[in-house]
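Data first, discussion second: the structure below is written as structure tokens.
The values are calculated or read from the model by the stated rules, or taken from the named source; none is laboratory data. Since we're looking at a predicted model, the values are computed, not measured. Ideal geometry is used to build each Cβ from the backbone, glycine not excepted, and the neighbour counts take in all protein chains shown. The protein model used for the area step is the full one, side chains on, heavy atoms only, and it has no ligands, DNA or RNA in it. Shrake-Rupley method; radii C 1.70, N 1.55, O 1.52, S 1.80 Å.
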Amino acid sequence: MAQAQPVLHHNHHFPFSLTSKTLHFSLRFARPPLTLVSSQSPSSTSSSSLSSSSSFSSSRYVHLPRVSTAPVDYVPPAPEYDFEQEIVRLRGLCTKLSKRKSIKEKLKVIDRDYRVKQFFNSRRNWFCRVLPALNLDPYDCFLLKCLVAAGQGHVLSLGIESVEGEFETARGVVKHALFSLVEMIEKFDVNGNGGREGFGKGGMVLEKEELGDLKKLLTNLGEIEQFYDCIGGIIGYQIKVLELLASSKPERYSKNWSGQMKQAMDCEFLKIHAPNGPDLSQNIEYASQAALWGIEGLPELGEIYPLGGAADRLGLVDPDTGECLPAAMLSYCGRTLLEGLIRDLQAREFLYNKIYGKQCITPVAIMTSSAKNNHKRIVSLCERFGWFGRGRSNFQLFEQPLVPAIGADDGLWLVTKSFTPLCKPGGHGVIWKLAHDKGIFKWFYDHGRKGATVRQVSNVAAATDLTLLALSGIGLRKKKKLGFASCKRTTGATEGMNVLIERKNLDGMWEYGLSCIEYTEFEKYGITEGSHSPVSLQESFPANTNILYVDLHSVESVMSSNSEKSLPGMVLNLKKPVAYFDQFGRKHSVSGGRLECTMQNIADSFFNTSSSQCYNDVEDILDTFIVYNERRRVTSSAKRTRKHASESLHQTPDGALLDILRNAHDLLSRCNIEVPVVESNDMYVDSGPPYLILLHPALGPLWEVARQKFSGGSISKGSELQVEVAEFLWRNVQLDGSLIVLSENVMGSLKIDENGESLIRYGQRCGRCKLENVKVLNKGIDWNAEDNIYWKLEVQRHEGCKIILHGNAEFEATDVVLQGNHVFEVPDGYKLIIAPGTSGFEARLYPIELDKQDTGSWCWNYKIEGSHIKLEYVEQ
């Protein structure tokens, strides 16, 4: 079956009519880009060549005397070119370069480009005068010339010449002289000479710091050239940026160009529908069966985490060093977000062990980046936690390249100082090509994996109940290529929407497939939200949550094409200004963005074809699928810091905590436990949550499992319940205050394997806690403490009852009232029993019998009955 071309991100503004559940575009869709002839500038006739005799010299450094107060972060475009001409020129150059294999041949082509000639022959270009001393190799020369050919020569400016044309004015000449004089005075030593070491041509040399910056620039350019090779490297990157910029403002095209594009659009018919799929919150039997498929298929699944994003909206800062932190390091409910991802995964592996009695360690692939020392910090965190008892060999970390941010007016790269463009991660959609380039797919195959689940680190609700297990179960059982977990959209949320695409091709064949329209692209498609919209989009079209199931072989086959499909859903997000500081500490905020790919739009490569139009149940024939669940069981994100005095908690850590509490209410209230209802977010804008209930996911993670461990009792408003143990029993417990149960061995214990790695052995030497007919009464949390940060679990307490289980320790309390402040700490190998006594209760400590050290004195026995899991309490 022929693979479909991506359909959702063409660079045109389309009017359409919106009806309930369907977007209807009255148009013909765009063909591939027009073949355009490159134009040559008549200016220069020869190009000076860069030295390419040897590698970058590291034994010496050179400097250039100069001072400049001219901003070097942003330069207006040359007035002689416009978008249309620049795109035409770059496409022609890119085509010529693609036909040359060796660097030597490519250099001959790019040396003939008029921008390259102009830049390297300029008498005013101080940078070119120091080049002979740098001894660049041919590939580095090529990278710099690609940068210049792409119209980004200002990145190589050395300060004083950064504002083109200023030297032609008297003001520029005076500034030049004054700056040079000041520089010379500042640098003179006591002996009356410059005191500066260096070399270069005509006294033009680089300082050591600048030399280092140039090396970093070449490394960055090399990564861009290599990673974006499927679209033409550095020059292809700039072409795509300009195309997207031009499409965001169609008036930038000439009438002739616009007419050509309109004519090219007359080729396809397109409709967008709201996709159908099972609702896991309504179809209980199917949801349970799908979850069992997911548990059964766990040994065939991998896990993929895109953690490379900068997460600027969170504004995380290391309190000790003041350095910016990536999202994975956000401390949430007492642990980092990355720890939370692994904890959710281990809960599913524990469930597999309890049902099948087998050990299962899922391989985890993590995409990082160098932004905010993301990669180093994540590696350090994993090492600090001993790779979470999973072994280093079960992790693969691969680093995504950083890409330049551009100005929205002209497509020029923003720079903070000489040789230093402002760079950020290129979106989570680069994960597929990067995984292919780094051998991640083969690594998964070597671990016996066929599919993988994908989730983002900021979504703390993705693993709630059966969402992830049902998604992966359906994908594996029905041999699908890709699946979405979705829910209702929330008005104003920075999230896209999942859609079903229907289109008719020129050959008369119909194509169908699930896809996504990012929120940044709504305006381009004429999609609006709010009271003036014909139909509320959040009611008609579901949210894209970036929770995915992928078939590994299917994705790898797309990446093997090394075409534009390898970079799905390329977008230029210009919604928010780009803020940064230059070398002088000045803050800048400009309209701009960077080229980003969207990982969910890999679905655009999995369309199915039909000889006739399909009217009903088209989803049944697709290679892609979608499942739904209640929103707070699918997505609740900690994406941005709550602004001071803001009444909106949406997508903040504060709002996500309230969703966690709502889920806890839904779980426990069905267990005949009285729990106060969590009201709407606006009720808690000026106060803390109504209570804190945080339950370890290994208690389930399926709610039908967890609900068999809880029965009866109550949790009063203002109470706190933390349960960090999987083998747990709650029967008729009344809590008014704080109860915290902590265990070292929540799901099992660590063992050293044959390779010397510490691996968790699920189900062995677990901590255990049993509470029956117990009242816990204390003053609990000080809800009036001003420094409480509830979502961080940083709270002040008046009193509390804490149970700490070391190793395989056990705690049992029956028919007692635990009033006031208590800490029960049970050593490894012992059971502490709390029973009624003359003074209220008495505590007795017993050693656990040797034959029960691994299995415990009691346990929960899991059995599958039909499509459900039944638990049986067993005394050993």
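Would you mind stating whether GLY688 is at pLDDT below 95 and within 25 Å of LYS775 (Cα to Cα)?
Against the criterion (at pLDDT below 95 and within 25 Å of LYS775 (Cα to Cα)), GLY688 qualifies.
Could you list all residues from the stretch 610-622 that are open to solvent by 40 Å² or more (accessible area, probe 1.4 Å) and on the phi < 0 side of the Ramachandran plot?
Across the stretch 610-622, the qualifying residues are SER611, SER612, GLN613, TYR615, ASN616, ASP620, ILE621.
Is it the case that GLN722 is touching a Leu at 6+ places or on another chain (Cβ under 6 Å), open to solvent by 10 Å² or more (accessible area, probe 1.4 Å) and either in a loop (DSSP other than H, G, I, E, B) or not hydroxyl-bearing (Ser, Thr, Tyr) (or both)?
yes
Any residue at all in the stretch 521-529 that's closer than 30 Å to GLU399 by Cβ and either in the same structural domain as LEU314 (by the TED database) or open to solvent by 10 Å² or more (accessible area, probe 1.4 Å) (or both)?
Yes, there is a match, as at least one residue in the stretch 521-529 is closer than 30 Å to GLU399 by Cβ and either in the same structural domain as LEU314 (by the TED database) or open to solvent by 10 Å² or more (accessible area, probe 1.4 Å) (or both).
Going through the stretch 639-680 one residue at a time, which ones are open to solvent by less than 60 Å² (accessible area, probe 1.4 Å) and modelled with pLDDT under 85?
The answer is LYS639, ARG640, SER646, SER648, LEU649, HIS650, GLN651.
Just need a number here: residues in the stretch 862-873 that are surrounded by 11 or more Cβ atoms within 10 Å (Cβ to Cβ) and either among the basic types (Lys, Arg) or assigned to a strand (DSSP E or B) (or both).
The number of residues fulfilling the criteria is 8.
Which of the residues that make up the stretch 495-507 are surrounded by 16 or more Cβ atoms within 10 Å (Cβ to Cβ) and not in a strand (DSSP E or B)?
Those that are surrounded by 16 or more Cβ atoms within 10 Å (Cβ to Cβ) and not in a strand (DSSP E or B): GLU495, GLY496, ASN505.
Picking from THR420, THR321, THR416, THR368, which residue would you name as being among the polar types (S, T, N, Q), closer than 29 Å to ALA698 by Cα and either surrounded by fewer than 22 Cβ atoms within 10 Å (Cβ to Cβ) or touching an Asp or Glu at 6+ places or on another chain (Cβ under 6 Å) (or both)?
THR368
Only one of (1) at pLDDT 95 or above; (2) open to solvent by less than 40 Å² (accessible area, probe 1.4 Å) fails for TYR286. Which number is that?
Here TYR286 meets the rest and fails (2).
Go through the stretch 338-358 and give me each residue that's among the aliphatic types (A, V, I, L, M) and open to solvent by less than 10 Å² (accessible area, probe 1.4 Å).
Scanning the stretch 338-358 gives LEU338, LEU341, ILE342, LEU345, ALA347, LEU351.
If only one of GLY780, GLY840, GLY800 is farther than 30 Å from THR652 by Cα and touching a residue at least 12 places away in the same chain (Cβ under 8 Å), which one is it?
Of the residues listed, the single one that is farther than 30 Å from THR652 by Cα and touching a residue at least 12 places away in the same chain (Cβ under 8 Å) is GLY840.
Can you tell me how many residues within the stretch 562-578 are without any contact (Cβ under 8 Å) to a residue 60 or more places away in the chain and farther than 13 Å from GLU518 by Cα?
Final tally of qualifying residues: 2.
Would you say LYS488 is at pLDDT 95 or above and either open to solvent by 10 Å² or more (accessible area, probe 1.4 Å) or touching a strand residue (DSSP E or B) at 6+ places or on another chain (Cβ under 6 Å) (or both)?
no
Just to verify a result, which residue in the stretch 121-144, among those that are touching a Lys or Arg at 6+ places or on another chain (Cβ under 9 Å) and under 16 Å from LYS106 (Cβ atoms), is least open to solvent (accessible area, probe 1.4 Å)?
Across the stretch 121-144, the extreme among qualifying residues is PHE142.
From the list GLY820, GLY829, GLY780, GLY756, which one is open to solvent by less than 30 Å² (accessible area, probe 1.4 Å) and either closer than 30 Å to GLN359 by Cβ or assigned by the TED database to the domain that holds GLY386 (or both)?
GLY829
Per-residue answers, yes or no, for (1) assigned by the TED database to the domain that holds ALA327; (2) closer than 30 Å to ILE284 by Cβ; (3) within 22 Å of the chain's Cα centre (by Cα); (4) not in a strand (DSSP E or B):
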site	(1), (2), (3), (4)
PRO568	yes, no, yes, yes
ALA579	yes, no, yes, no
PHE584	yes, no, no, yes
SER648	no, no, no, yes
LEU658	no, yes, no, yes
LEU661	no, yes, no, yes
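Do we find that GLY748 is surrounded by fewer than 19 Cβ atoms within 10 Å (Cβ to Cβ) and at positive phi in this structure?
So GLY748 does not fit the description; no.
Given the structure, is CYS146 touching a residue at least 60 places away in the same chain (Cβ under 8 Å), within 18 Å of TYR228 (Cβ to Cβ) and touching a Gly at 6+ places or on another chain (Cβ under 6 Å)?
So CYS146 does not fit the description; no.
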